[in-house]
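Working notes, structure below.
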Amino acid sequence: EEGVKYAENWNKDQARLQQLKASVDTICRPNAQLDDSSVLDKTVKPEVTLSSVKQAEGNHPAVLMCSAYEFYPKKIKVSWLRDGKLMTTDVTSTMEMADGD
């Protein structure tokens, strides 16, 4: 209820509203552009580990597993190559698992 009172009073004050709207162009947008470029232009290459994992069941005695960690931005592409050629069969992928970060 108290917040509603503040909002109603602020919305009635036209001079304050004009001042806040002006500060969007003079303060907010320029700072947002600086912040965006300092974050969005950055990338962090993934840390990649390869391991051989024995399957409990299946046709293969073991499988290769590739894990990627600590990368930015969120989207990366992981591909398996054999003799330099892209493998499209006998390949399984999982979705990204949350790490709490």
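The values are calculated or read from the model by the stated rules, or taken from the named source; none is laboratory data. These figures come from a predicted structure and were not determined experimentally. Note that each Cβ is placed from the backbone with ideal geometry, even for glycine, and that neighbours are counted across all protein chains shown. Note: areas computed on protein heavy atoms with side chains; ligands, DNA, RNA excluded. Shrake-Rupley method; radii C 1.70, N 1.55, O 1.52, S 1.80 Å.
For Leu34, are the conditions met, namely being open to solvent by 80 Å² or more (accessible area, probe 1.4 Å), assigned to a helix (DSSP H, G or I) and without any contact (Cβ under 8 Å) to a residue 24 or more places away in the chain? Yes.
Within the stretch 37-47, the residues that satisfy the criterion of being at pLDDT below 75 and closer than 24 Å to Lys77 by Cβ are Val39, Leu40, Asp41.
Residues of the stretch 59-83 being within 21 Å of Asp41 (Cα to Cα) and not in a strand (DSSP E or B), which ones? The answer is Glu70, Phe71, Pro73, Lys74, Lys75, Ile76, Lys77.
Of the set (1) open to solvent by less than 80 Å² (accessible area, probe 1.4 Å); (2) modelled with pLDDT of 85 or more, all apply to Ala62 but (2).
Per-residue answers, yes or no, for (1) open to solvent by less than 100 Å² (accessible area, probe 1.4 Å); (2) at pLDDT 80 or above:
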{"site": "Ala7", "(1), (2)": "yes, yes"}
{"site": "Lys12", "(1), (2)": "no, yes"}
{"site": "Thr49", "(1), (2)": "yes, yes"}
{"site": "Cys66", "(1), (2)": "yes, yes"}
{"site": "Lys85", "(1), (2)": "no, yes"}
{"site": "Met97", "(1), (2)": "no, no"}
{"site": "Asp101", "(1), (2)": "no, no"}
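For the condition open to solvent by 90 Å² or more (accessible area, probe 1.4 Å) and within 30 Å of the chain's Cα centre (by Cα), Glu1 does not qualify.
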